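Please treat every number below as a calculation from the coordinates, not as lab data. The structure presented is a predicted model; accordingly, all values stated were derived computationally and were not measured. A quick note on method: Cβ atoms are made from the backbone with ideal geometry, for glycine too, and the neighbour counts reach across all protein chains shown.
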Amino acid sequence: MKQLYQLFIVELKEYIREPGALFWSILFPILLALGLGMAFSGGGNQDRTIAVVCPSNCQGLALLPQTDTTVKIGNEKIGYTNFKFKHKDWNEAVLMLKQGKTSLVLMPSDVGELNYHFDPANADAKLSYLQLSDYFGKKPVNEAEIEILKQEGTRYVDFLVPGILAMGIMMSCMWGISYRTVDRRNKKLLRRMVATPMKKSFYVITQIASNILTGALEATLLVVVTHLVFNIKITGSFIALLLMFLAGNIFFSGLAWLVASRTSKTQIANGLINLVVMPMMIMSGIYFSYHNFPDFMIDIIKFLPLTILADNIRSIFIEGAGLGHVLTPFALLSGIGMVLFAIGIRVYKWY
């Protein structure tokens, strides 16, 4: 037990003494949640820049600013949008579109009507078009028909935080176990450790146990900070959340061990880890709903391990899911993780 204790302390000290690890594993997820949460869950006021092209016939168009100015459009319930109108020639307006400085160009037609030039696939441009066409068409907005949605769990930040929590579990395992193991193999540290009376099973146990402990610390800090800033709440079973946290660690620890089982080159390890994490970070519904993808892709994305983990953690946070809801995904992730771990141990190369 003394050997197991010493190995565990070594892992914790290595984690604590590495400033980069502390930043990327603890501070970065919190900053990411705070930044995106404030950006998409702040006040109703927004700023949008609109390019206006007026060759000669803008004078007769009502409400259209004749000079560079800002117009506030909206109401108290849904908030206001500050439209910053910038008069440009056509080439400058197109350049603004290419550079992302604007999403919509206003230009009068030959008959004196106002034309809107924008990409219909751009959601921001379509929203600007709806707001401006309503404004220039003098169609009054009936505020009595607007009902603000106030139910808990409906904000973007409520969707975001559980996803970041799930992503943190994956990143902690993949980089904390895979990369660390390959780096030690590359530096011949594993060869030296194996040459001592160290039990290999103890090394494996301390790797996983220390990773779970540090992952729990990261998750706790993320939940506490977002609760204080955004009033994020866990509406479901806390025991269910612990089970999903454990299942995520079991699965991604097994996958990390398998990824790091043979190579001794950190460059290859970087590529393999990114090959695993990048597709799931993009497609598994961490920052936005994966239901935006085509239907044939959704049927595949739903079975990605990070998707299963994020969906179930999110259901615990904002849907009030209980223990019975997570038993199947817990068994699935844990079972597959143990199989991957067994394969990784079988083919593992210590030096």
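Points worth noting:
- Contact order for the chain, expressed relative to its length and based on alpha carbon pairs under 8 Å spaced 6+ residues apart, stands at 20 percent.
- Of Leu34, Leu132, Leu241, the one that fluctuates the most in a GNM where the chain has Cα springs shorter than 10 Å: Leu132
- Seen from Glu18, the other residues with C-beta closer than 13 Å to its C-beta sum to a net charge of 0, counting Lys and Arg as +1 and Asp and Glu as -1.
- Extension gain, Thr70 to Ala121: 0.36 nm times the residue separation minus the Cα-Cα distance gives 15.8 nm.
- With Cα atoms, 0 to 90° folded angle of helix 156-173 axis to the chain main axis: 30 degrees
- When the Gaussian network model of the chain links Cα atoms closer than 10 Å, the mean-square fluctuations of Gly79, Gly335, Gly137 top out at Gly137.
- Note on the chain: with charges restricted to the Cβ of Lys and Arg (+1) and Asp and Glu (-1), its dipole about the Cα centre is near 2280 debye.
- Dipole of the chain, positive end: most advanced residue of Asn292, Thr196, Gly236 [Cβ charges, Cα centre]: Thr196
- Helix axis angle, 2-16 relative to the chain longest principal axis, alpha carbon, degrees: 20 degrees
- Projected label points at Phe303 and Lys188, each 7 Å from Cα along the beta carbon direction, are separated by 4.6 nanometres.
- Per-residue ellipticity at 222 nm from helix content only, as computed over the chain with -39500 (n - 2.57) for each DSSP H run of at least four residues, stands at -19000 deg cm²/dmol.
- Cα-based helix-to-principal-axis angle, 200-230 vs the chain, degrees rounded to 10: 30 degrees
- Distance between the C-alpha centres of the stretch 176-190 and the stretch 246-277: 12 Å, rounded to the whole angstrom.
- When each of Lys199/Lys349; Lys126/Lys233; Lys72/Lys98; Lys72/Lys101 is checked by Cα-Cα distance, pairs over 23 Å: Lys126/Lys233; Lys72/Lys98
- Remark: the Cα gyration tensor places the stretch 287-339 in the oblate category, a/c being 1.5 or greater and a/b not exceeding b/c.
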